[in-house]
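Student: My structure is below; once you've seen it, I'll send some questions.
The values are calculated or read from the model by the stated rules, or taken from the named source; none is laboratory data. Given the structure is predicted, the values throughout are model-derived calculations rather than measurements. For neighbour counting, all protein chains shown are included, and Cβ atoms are generated from backbone atoms with ideal geometry for every residue, glycine included.
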Amino acid sequence: MADISEVWVYLSASPLLFLTLTLAAFQAGTWLYDRSGHMPFLNPVLTAVILVVGLLTLSGTTYETYFEGAQFVHFLLGPATVALAIPLYRQFDRVRSSALALITSLLCGSLTAMGTAVGLGWLLGASRETLMSLAPKSVTAPVAMGITEQLGGLPSLTAVLVILTGILGAVLGPPLLTLIGVKDWRARGLALGTASHGIGTARALQVNELAGAFSGLAMGLNALATAILLPILWRLFF
Amino acid sequence: MLSALTLILTCQLIGELFTRFFGLPVPGPVAGMVILFALLAIHGSVPRDVGAVADTLLKNLALLFVPAGVGVMAHFGLLGQDWLPISVALIGSTLATIAVTALVMSRLARAGKSADGETPHG
């Protein structure tokens, strides 16, 4: 029989272990979410992240080592984003018929996201660097990181804030929308995609394809709106 | 199946090349989404296997964010320095953005022609 530490050396060097861990943690999260009757706080992404972070910390594994295995899952984000064209195409008649309302609400949402993030952070005394990293938090990660870099913030901090915003939106969004009485699938999807990009879109798609189509579109449009507006607004106020 | 995956990856690749070449402020995959949408519009329908591959990817979209989410662990230090303003700003701003976007959209869309009959329950 081999020494347990030799087995660990093999396992931690191969992508197999952390790829399997990622899938298993997400399965566990999904199981818990289903068993709880879909309690918002038991969001599968949140549970999976907590489980994986806990196990990596306990075993003394770095994020870089973990990512060598998990990158195969991470890579699929690109093709999945391209695939959002399908629900958008299937629902395009509904998108076109509300185009003006869509653009107006998207711009209101985009400005609210930037304004309140920077405003609240500033009121509570966040450093200038943190404010810059916080400003594009509702935008999909690659664009948000580019915007932060342009402002002079920390792209790696932005990446984390973007993910946290996504999870928060997926967890708090649906109950909030029900609380304020918004029943229109288009409005629900648009709000989730504007505020919490792909993670919000994943949540919207689980419930309704029309909401998913509006959410995916909102994610793309908010990335564009924020990339154009934020650098201009920042120079105006700071 | 394979041809559908090739089509999706090709759209992404062209999207990446296009945005990089012109220095556009959108990510390559989002440009790829626009390209695939244009192709579907020209074709006039969603080919069965393209629909199947896309639905499989999108059904598991949430899973794909787990590796990036675990990245939080590499930044506990940075988050710790400004934890109060960061948590208040993230929670407050996310709630405000969702409420504002949804309320403006539902008012404007109701004022427009098509209203929705179904009610959400999730």
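Student: Kindly provide the set of residues from the stretch B:8-41 that are more than 8 Å from chain A (Cβ to nearest Cβ), touching a residue at least 12 places away in the same chain (Cβ under 8 Å) and small (Gly, Ala, Ser), ordered by number.
Tutor: Passing the criteria: only B:Ala31.
Here's the yes/no breakdown for (1) in the same structural domain as A:Lys137 (by TED's automatic domain parsing); (2) under 17 Å from the mean Cα position of the chain (by Cα):
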{"site": "A:Leu46", "(1), (2)": "no, yes"}
{"site": "A:Val52", "(1), (2)": "no, no"}
{"site": "A:Gly69", "(1), (2)": "no, no"}
{"site": "A:Pro87", "(1), (2)": "yes, no"}
{"site": "A:Arg96", "(1), (2)": "yes, no"}
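Student: While we're on this one: Condition check: farther than 17 Å from B:Gly32 by Cβ, touching a helix residue (DSSP H, G or I) at 6+ places or on another chain (Cβ under 6 Å), more than 7 Å from chain B (Cβ to nearest Cβ) and crowded, with 24+ Cβ neighbours inside 10 Å. Does A:Ala191 satisfy that?
Tutor: Taking the combined requirement at face value, the residue does not satisfy it.
Student: Next question. Step by step: first the residues of the stretch B:1-46, then only those that are surrounded by 14 or more Cβ atoms within 10 Å (Cβ to Cβ) and not in a helix (DSSP H, G or I), then the one that is farthest from the chain's Cα centre (by Cα). Which residue is that?
Tutor: B:Val46
Student: Within the bounds of the stretch B:54-64, is there any residue that is more than 7 Å from every other protein chain (Cβ to nearest Cβ) and either polar (S, T, N, Q) or touching a residue at least 40 places away in the same chain (Cβ under 8 Å) (or both)?
Tutor: Yes, the stretch B:54-64 contains at least one residue that is more than 7 Å from every other protein chain (Cβ to nearest Cβ) and either polar (S, T, N, Q) or touching a residue at least 40 places away in the same chain (Cβ under 8 Å) (or both).
Student: Within the stretch A:136-166, take every residue that is more than 7 Å from chain B (Cβ to nearest Cβ) and under 9 Å from the mean Cα position of the chain (by Cα) and give me the one that is nearest to A:Phe237 (Cα to Cα).
Tutor: A:Val139
Student: Hey, another quick one. Determine whether B:Leu84 is surrounded by 18 or more Cβ atoms within 10 Å (Cβ to Cβ) and not aromatic (Phe, Trp, Tyr).
Tutor: no
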